[in-house]
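Accompanying notes for the structure given below.
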Amino acid sequence: MIEVKNITKIYDGQKAVDNVSFSVKEGEVVGLLGPNGAGKSTLMKILTCYIPPTEGEATVCGHSIYDDPLAVRREIGYLPEQNPLYLDMYVREFLRFAAGIYGIKESKDRVEEMIKLVGLTPESNKRIGQLSKGYRQRVGLAQALIHDPKVLILDEPTTGLDPNQLEEIRNVIKNAGKKKVVLLSTHIMQEVEAMCTRAIIINHGKLVSDDHLGNITSQQLTEKFHQVTA
């Protein structure tokens, strides 16, 4: 569902992403790991057609990021690292707006379904600007899921969540991953262990490790992360 082939992105002569290749299939929740500045967010922006690569090719659900970027965007639910929200909008108002962008006909029912799914019910009558960071993350996740995309790309999706919220959102992401492709970035090993079936590590823009978590313990993954990013 996601195919990345020799993707490179160069900024001012520096390679933010350096000849990266991998694929992700339906039913996989893949953690994209790496230290700050490793290239995780840049790679996600390329896959969502937010920025073009300098070299290489990628497809999402068979659609090329070059030839059919609109089709790629239709297949993706995206939660960027800096969660962009209209703070003056109410929660339901914003989610109806997001549903309208995707042409969802029964938007009222879908909005209520998303509010319940991500645990927004206690705060659903508030303006987004009144919400805590954790609840804003939930709104961002709800908009990423509202059109039932085949692919979820989540950049640091659990940022700002308290322990109770964290458990709930982990379960939402894990359940979504049973029928979708999920690619999420994090630098927290516990998140990978709790949600992911596979871990890809990048460092200085290069892919340095790719492991199925059934073949490796969390301790081994932590040790490998330190080893390949030192």
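Things to note:
- About the Cα centre, charge dipole magnitude for the chain (Lys/Arg +1, Asp/Glu -1 at Cβ), debye: 400 debye
- Of Y86, G56, V29, farthest towards positive along the dipole that unit charges on Lys, Arg, Asp, Glu beta carbons give the chain: Y86
- Cβ crowding within 10 Å ranks R170, R138, R110 as R170, R110, R138, fewest other Cβ atoms first.
- Global geometry of region 63-207, whether rounded, prolate or oblate, following the gyration tensor of its Cα atoms and the 1.5 cut on a/c: oblate
- For V208, the residues 5 or more places off, or on other chains, whose built amide H falls under 5 Å of its own are I201, I202, N203.
- Neighbour counting of Cβ atoms within 10 Å sorts the residues D12, D109, D148, fewest neighbours leading, into D12, D109, D148.
- For region 152-165, the Karplus equation 6.51 cos²θ - 1.76 cosθ + 1.60, evaluated at θ = phi - 60°, returns couplings of 10, 10, 10, 9, 6, x, 9, 4, x, 8, 7, x, 5, 4 Hz by residue, with Gly and Pro reported as x.
- Given the chain, longest segment not containing exposed loop GluC sites (Glu not before Pro) (DSSP; at most 15 other Cβ within 10 Å): 107-230
- Pairs spanning more than 30 Å between alpha-carbon atoms, out of K126/K178; K105/K179; K133/K224: K126/K178; K133/K224.
- Summed over qualifying helices (DSSP H, 4 residues or more, each -39500 (n - 2.57)) and divided by its residue number, the chain shows a 222 nm mean residue ellipticity of -10500 deg cm²/dmol.
- Sorted fewest first by neighbouring Cβ atoms within 10 angstrom, K224, K179 come out as K179, K224.
- Centre separation in Å (Cα based) which lies between region 5-64 and region 160-230: 17 Å
No value in this document is a laboratory result; all are computed from the given coordinates. Keep in mind that what you see is a predicted model, and the values were worked out from it rather than measured. As a convention, Cβ positions derive from the backbone with ideal geometry for all residues, glycine included, and neighbour counts pool all protein chains shown.
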